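Rule-based calculations on the coordinates, nothing more; no lab input. Keep in mind that what you see is a predicted model, and the values were worked out from it rather than measured. Cβ placement follows ideal geometry from the backbone for every residue including glycine, while neighbour counts extend to all protein chains displayed.
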């Protein structure tokens, strides 16, 4: 069975989509990976599809191959079951598959919210809470997926709750500013409530066409991203915020989700990871590599020297940064593989 990881924070601007893209690409060097775009802005789909983005949504062969149309049979009460979506795979990452997003996905939020609050009191809604997980399972089976990584929008919507609870593990990306601390404080109360709902709902929806995935997702760490480097370390304005995020994640936040059964064991985390406050990595700003990566259709760590297209000290500097990001995302991927083995 594929292991599912959701990248989630209801705060915007923390590089959720970029993280899904980079981790999916890195993991696809060794595994078959499904990346899921559940954000109606469809930025992940744009990154993966590149120049084919607009064409994908208008051509008959692909325009219905997305997350919204994938669950439409359940949400529109059609007399047919959910089936797997045909996924796009980029030429430069043939083992990474995209379950494309849809700009109108949020149309299903109200119905899903009502279904999840009704606790199966209305038979006509009983198949909605398990619909997204069913779509993922069927698509994972079609492509023999090892790891699924889900990108959500920055909100506490019913769809986000549902897809978050359809995963085995979760990562919380942050950036070093005071608003990330506020977001962590919100999540420490929200995520346990979601987990409580899931435990109560599993038996209630057990007889539906699409039962809920067993268990609740486990905390797999945080990422601290989007800051500038000075003299080999985060610039002064960011350092205090980085330390505060780490303290918050390993103290009140961790205790709250631990009480909700949303953590691995100390042995599974490892002493070094715990000592680093469950921080998977600190990832500085991509700076000049990012536009070159977008132009070349690859992550920053997979740029070739020809893609960089510079010379002298500028090339040397970008090569060093490319190596840094490759090492960081490789290490993050290794740690997540290790944790997901216990999920």
Quick check on packing: order 320-326, 96-102, 49-55 by the mean number of other C-beta atoms within 10 Å, highest mean leading.
96-102, 320-326, 49-55
Within 10 Å, count the other beta carbons around each residue, average over each peptide in 168-177, 9-18, 332-341, and list them highest first.
168-177, 9-18, 332-341
At R0 = 25 Å, FRET efficiency that the Cβ-Cβ distance of residue 196 and residue 331 yields, to 0.05
0.15
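Could you work out the helix-only [θ] at 222 nm for the chain, with each DSSP H run of four or more residues adding -39,500 (n - 2.57) and the total divided by the number of residues, to the nearest 500 deg cm²/dmol?
The per-residue figure over the chain is -13500 deg cm²/dmol.
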Which log10 I(q)/I(0) values, to two decimals, does the stretch 24-161 give at q = 0.12, 0.17 Å⁻¹ under the Debye formula with one point per Cα?
-0.47, -0.91
To two decimal places, what compactness ratio does the chain give when its Cα radius of gyration is scaled by 2.2 N^0.38 Å?
0.99
Going by how many other Cβ atoms sit within 10 Å of their own, how do 274, 283 line up, fewest first?
274, 283
Fewest-first ranking of 186, 106, 304, using other Cβ atoms within 10 Å as the exposure measure
304, 186, 106
